[in-house]
Structure formats: structure tokens, C-alpha cells
Amino acid sequence: MTALLLGLVVAAAATPAPTLRDLAKRHGMTISTCVATSALEGKEYQAVLAREFSALEPENELKFEPVQPERNRYDFVAIDKQVAFAKKHKMAVRGHTLVWHHQNPAWARDPKMTATELRAVLKDHIFKVMGRFRGVIGTWDVVNEAISDDAHMRHSLWFDRPGIGLDGEQTIEQAFKWAHEADPKAKLFYNDYNIETLNAKSDAVYALLSKLKQRGVPIDGFGMQCHLDPQFDKDEAFDSFRENIRRFKKLGLAVQLTELDVRIPDGSPAQLAVQARIYGRIFQIAREEGIKWVQLWGFTDAHSWIPQAFKGMGWALPWDDKYQPKPALEAIRKALE
Ligand code: XIL
């Protein structure tokens, strides 16, 4: 009897906690993370990625410059390694990104480039890149960050004169049309940051996407990046986030969370607790609002863009830099249970 009891206790202790993959699946949710091919060499990195996530998105490997470093020379070596990993571990792959103001190659930014040339360059890029991953990458961020922080159309290589010879909004419309032609089955997204709550910038994106929808432009969804910090830990912010999700859904768009991370100024228990609360509530709202794709911008503090991008901040992900779970992971699990 004692032996039997002991056996049960040991068995219970040995039962691993359900993975994020398992938990998300219960809600029909894909749980994803961005991946850097350079990190993919690491054994611990591989183990957590394959065990916990049902999808991945290349952090940089599908951006314009890495993919077409020289005119008409496409380089898919780095992204192919991620696709192979995803296939092996039955993970989906999300595509990021085709039209953006960052990470464009110097040759495309050459001032001698005419509008006609640039138009051909962008069209060709969209067709080549999406065409190559037809049937492999089901969802694409076609346009990334087209609205500036002051809620206007952003200056960008593709939008400004000469741009591709169209104004910003028409350029976006054209990009979605080309993307749809390149892969008619792919789900096409507009993606942006600081638009998670109701504010001037999300209003501008809302106005833009409403117009595109009205004009019958093939756009399927809106990606909210969700690069958050401790200031988000307020009821008003979470309520506003929920309301904002709802208004975009009412436009007939799918909403996905595409780059979630929660940066904090130090790794103290107090900061980790705030961070856990934010992760937990975001996942809870995502679940309740029927969001089908939640993607973290990395999963281990060993590989995160935050320390470089936000001075003095870090510790932004659910696993620490030694791949140990942080309170945030438990909070995500609870929200999905
Ligand atoms: C970041 C990457 O994480 C960095 O490695 C790179 O140096 C710059 O870009 N919004 C986006 C992402 O849409 O592509 C950005 O990724 C983070 C902000």
C-alpha cells in the first residue's frame, strides 16, 4: 500500500507540466515565437522551442535586406534552416515582412532609382518571396509599421517620392493586391506597434484598415506587436486593449498578437511579478477574445532584441538567459488552463 502510494506520488511528480503548445491547442490557439537562425544551433534553445511552441516566425531572415542583399540575388539559406526545423517539429511558419521602412538594402535606397524601377523591384520581391513559400507560410505581414508615432503616414522608401509612384495609402493597397496574386491562399496582415490600446495611432490604423476593407483590398488581419513595459499594468490599459481588439474584429479582420514581450528595468522579484501579471492578463484577454495566434518576440532572455533596442531594459521573456522558467511562464500557463 505504502509502495503503491509512493509510486503514485513519484508518478505525479514526474508528470511534466503541460506545454504551452498543449495548453494553447485547447483554445485553438497557435503559440509562436520569433526565431533567429544563429540561435537555432543551441541545444537548449532547440529543446524549448520544439517542446513549447507550435509555430515560429523568422526574426530577421525574411526581411528585405537579408533576402535580397543584391538586386535580383535572393538568399534563402537562413530562412530555409528555420523552415526545416519547423517541419521536423510540426510547427507552422509565419512570414515577416514585405513592405517596411527598415532593413532595406542600400541598392534599393539608391536615390537614382526611379519610381518605375522601384515599383518593379517591390512587385518582383513580393512575388519571388511569397511564391517560394507558397503552401509553407500561410500568414504574412505584408505591410509593417506604415503609420508613424504621430499617427500619420510614415516616411518610407516605398511611400515617399519617388516611392513606387503612388501615395502611401495606394502603395499599401497595391502591396496587398500583389501579395494576394502571389499567393491567393495566404492570410495577409497589416502589422504595427503602440496600437494595442485605443489611442491616436491605433485610430489612424483603424481608419486606414477600414478604408482598405471598404475598397475590397485583400487584407485578412491586423497584427498587434505588443512590445510592452510595466506601464501596461493598469486596468485601463487592459480594458482599452480589449475594446481595441473588438473594434478591429468588427471590421471583419482577424487580430493576432505578433511580437509580445514585456521589458522590465531589472530582474528583481517585484519586477518579475509585474511582468507575470501583464503576460497573464494579455493571454487571458487573447483567449477570451478568440485570438488564434499569439507570438512572442523570442522566449529566452539569452536571445532578445530588448537590451539593444531599449537602454537599461531587459529580462523581457518568459525563460531567463539560462533557460529557467520565470513567473511569467506560470502566469501564461494559468491563463491558458
Ligand atoms: C527587430 C529584431 O528583433 C532585431 O534583431 C533587428 O535588429 C531589428 O528588428 N518590430 C518589428 C520587428 O516588426 O521586425 C523588429 O525586429 C522589432 C520591432
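Derivation of every value follows stated rules applied to the coordinates shown; laboratory data play no part. What you see is a predicted model; the values in this text were computed from it and never measured. For neighbour counting, all protein chains shown are included, and Cβ atoms are generated from backbone atoms with ideal geometry for every residue, glycine included.
For this structure, a couple of remarks:
- When Asp149, Asp321 are arranged by Cβ crowding within 10 Å, least crowded first, meaning fewest neighbours, the order is Asp149, Asp321.
- Largest-first principal axis extents, alpha carbons of the range 248-337, Å: 40, 28, 20
- Proximal lysines relative to Lys326, as straight alpha-carbon distance under 17 Å, when same-chain residues fewer than 8 apart are discounted: Lys334
- Translational diffusion of the chain, µm² s⁻¹ [Kirkwood Rh, Cα pairs; Stokes-Einstein; 25 °C; 0.890 mPa s]: 118 µm²/s
- Secondary structure note: in the range 195-315, about 10% of the DSSP beta bridges are antiparallel.
- Restricting the calculation to Cα atoms, the range 144-191 yields a radius of gyration followed by a Dmax of 11.6, 34 Å.
- Order of Arg71, Arg132 - criterion: other Cβ atoms within 10 Å of each residue's Cβ, fewest first: Arg71, Arg132
- Per-residue extension of 0.36 nm, minus the Cα-Cα distance of Lys234 and Asp149, leaves a gain of 28.4 nm for this segment.
- Between Asp160 and Lys249, the modelled labels are 3.9 nm apart [label points 7 Å from Cα along Cα→Cβ].
- Length gained when the stretch Arg109-Asp321 is fully extended (0.36 nm per residue, less Cα-Cα span): 72.6 nm
- Separation in nanometres of the label points that stand 7 Å from Cα toward Cβ, at Lys311 and Leu198: 3.6 nm
- The Kirkwood radius of the range 27-124, taken over pairs of alpha-carbon atoms, gives through the Stokes-Einstein law at 4 °C and 1.567 mPa s a diffusion coefficient of 87 µm² s⁻¹.
- Estimated translational D of the range 169-281 in µm²/s (Stokes, Kirkwood radius over Cα pairs; 25 °C; 0.890 mPa s): 160 µm²/s
- Kirkwood radius, the range 12-82, all distinct C-alpha pairs, inverse of mean reciprocal distance: 14.0 Å.
- Rounded to the nearest 5, the antiparallel percentage of DSSP beta bridges internal to the chain is 10%.
- Inter-probe distance in nm under a simple model that places probes 7 Å from Cα toward Cβ, at Glu337 and Gln271: 2.8 nm
- The chain: calculated mean residue ellipticity at 222 nm from DSSP helix runs of at least 4, using -39500 (n - 2.57): -13000 deg cm²/dmol
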